[in-house]
Each structure stands twice: as structure tokens, then as C-alpha cells.
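So the structure is just underneath, and the comments pick up after that.
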């Protein structure tokens, strides 16, 4: 049975809303001569953000597969797969922000990043434990989920503020 684990919605929404908050005003404050061009690039950027946040993980009885989009692969992120039986261990490394990232270490010595921003993460960790007999109790999300939710909230507030100020300015003149 194949299971699919998509990128967490709070992660996607934080990146998309931040992109919109930071770039949506540009076409409205740019000069008339480049407004169409800036709208075009805004749309391209939005497409890219949606695309690169669509990576996912698939598991089945034999292996784990990490699938990236064409855009992600073009930017250097690679698809990978590993058979359950090839997983030798899981190693952790600290990040500069004080959390930990985890890597599958296979029998050939390859290091494959354990995705830590996926839906049903606890189900995925249970599956790792069942298939490999490796203890996954210390593996957690790379960042607390509240940080993504806070970023989304702040970005949405920025968007609302930008829209409010735009209409205030537009109707004032």
C-alpha cells in the first residue's frame, strides 16, 4: 500500500502568504511603463512558490521515495529513494537555529535528508520504526508548527494592511 505525505499546509501557507505580502505591492507602486511586466513577474514568482512547495514523500512496503517538482530539480533539489532494508541508521545534526535535522544513512554510506515538514509526520515516523527497528522518538518537526502559523498570520496582516492603505490612498484623492 502506497502512502503519500505532502508538505504541511502551515509551511506552504507561510511561504506563499509571505511571498504575496512582500511582492504584491510592487505592481501598484511601480511606474505605468513597467506595471504589466511587474505583474507578469509576480505571477511567475507565485507559480514558482506553489511549485517548489509541492514536493512530497511516498512510502510503500519496499521503499521510501522523495519526489520533487521539475522546478525544484532545476534549482538543485533531487528526487531520491531508499529501500527500507538499506537504511542502516538515522543521524542527527544541529542547525544554526538550534533545532536538528536528520539523515537516513544507508549501507553504502549515502546521507538522505529525512523530510521534517510533512503531513502525518507521526505516521511516517511509526512506519520508519516498524520497517527498520530504528528508534524515532527523538525525531521531531524541524521547527515548531506555531512558527509557520505565526508567519502566516503576520503575512496575512501585512496583506490586509497593504490593501487597506491602497484603498485609503485611492479614495482619498
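Just to be sure before I move on: is residue 144 within 21 Å of residue 56 (Cα to Cα) and loosely packed, with under 15 Cβ neighbours inside 10 Å in the structure I sent?
Yes, satisfied.
For the range 94-144, give me each residue that is within 19 Å of residue 54 (Cα to Cα) and either in contact with a helix residue (DSSP H, G or I) (Cβ under 9 Å, 6 or more places away or on another chain) or part of a loop (DSSP other than H, G, I, E, B) (or both).
Those that are within 19 Å of residue 54 (Cα to Cα) and either in contact with a helix residue (DSSP H, G or I) (Cβ under 9 Å, 6 or more places away or on another chain) or part of a loop (DSSP other than H, G, I, E, B) (or both): 114, 115, 116, 117, 118, 119, 120, 141, 142, 143.
If you scan the range 78-89, which residues turn out to be within 20 Å of residue 55 (Cα to Cα) and in contact with a helix residue (DSSP H, G or I) (Cβ under 8 Å, 6 or more places away or on another chain)?
79
Suppose we keep only residues that are surrounded by fewer than 17 Cβ atoms within 10 Å (Cβ to Cβ) and touching a helix residue (DSSP H, G or I) at 6+ places or on another chain (Cβ under 6 Å) within the range 147-158. Which one would you say is farthest from residue 98 (Cα to Cα)?
Within the range 147-158, the match that is farthest from residue 98 (Cα to Cα) is 156.
Output the qualifying pairs, or none if there are none: Cβ atoms under 7 angstrom, residues six or more apart or on different chains, first residue in the range 25-39 and surrounded by 13 or more Cβ atoms within 10 Å (Cβ to Cβ), second residue not in a helix (DSSP H, G or I).
Short answer, once both residue conditions are applied: 38/30.
Those residues that are surrounded by fewer than 16 Cβ atoms within 10 Å (Cβ to Cβ) and in a strand (DSSP E or B), I need them from the range 66-81; list them, please.
Scanning the range 66-81 gives 67, 80, 81.
Is it true that residue 114 is within 17 Å of the chain's Cα centre (by Cα) and either under 15 Å from residue 4 (Cα atoms) or surrounded by fewer than 14 Cβ atoms within 10 Å (Cβ to Cβ) (or both)?
It is true that residue 114 is within 17 Å of the chain's Cα centre (by Cα) and either under 15 Å from residue 4 (Cα atoms) or surrounded by fewer than 14 Cβ atoms within 10 Å (Cβ to Cβ) (or both).
Output the residue which, of all residues in the range 40-51 that are surrounded by 15 or more Cβ atoms within 10 Å (Cβ to Cβ) and free of Cβ contacts under 8 Å to residues at least 24 places away in the same chain, is nearest to residue 85 (Cα to Cα).
51
Based on what the data block shows, is residue 54 in contact with a strand residue (DSSP E or B) (Cβ under 9 Å, 6 or more places away or on another chain), closer than 23 Å to residue 148 by Cα and either modelled with pLDDT under 95 or part of a helix (DSSP H, G or I) (or both)?
Yes, satisfied.
The values are calculated or read from the model by the stated rules, or taken from the named source; none is laboratory data. All values reported here derive from a predicted model rather than from experimental measurement. When we count neighbours, we look across all protein chains shown, and the Cβ atoms used for this are built from the backbone with ideal geometry, even at glycine.
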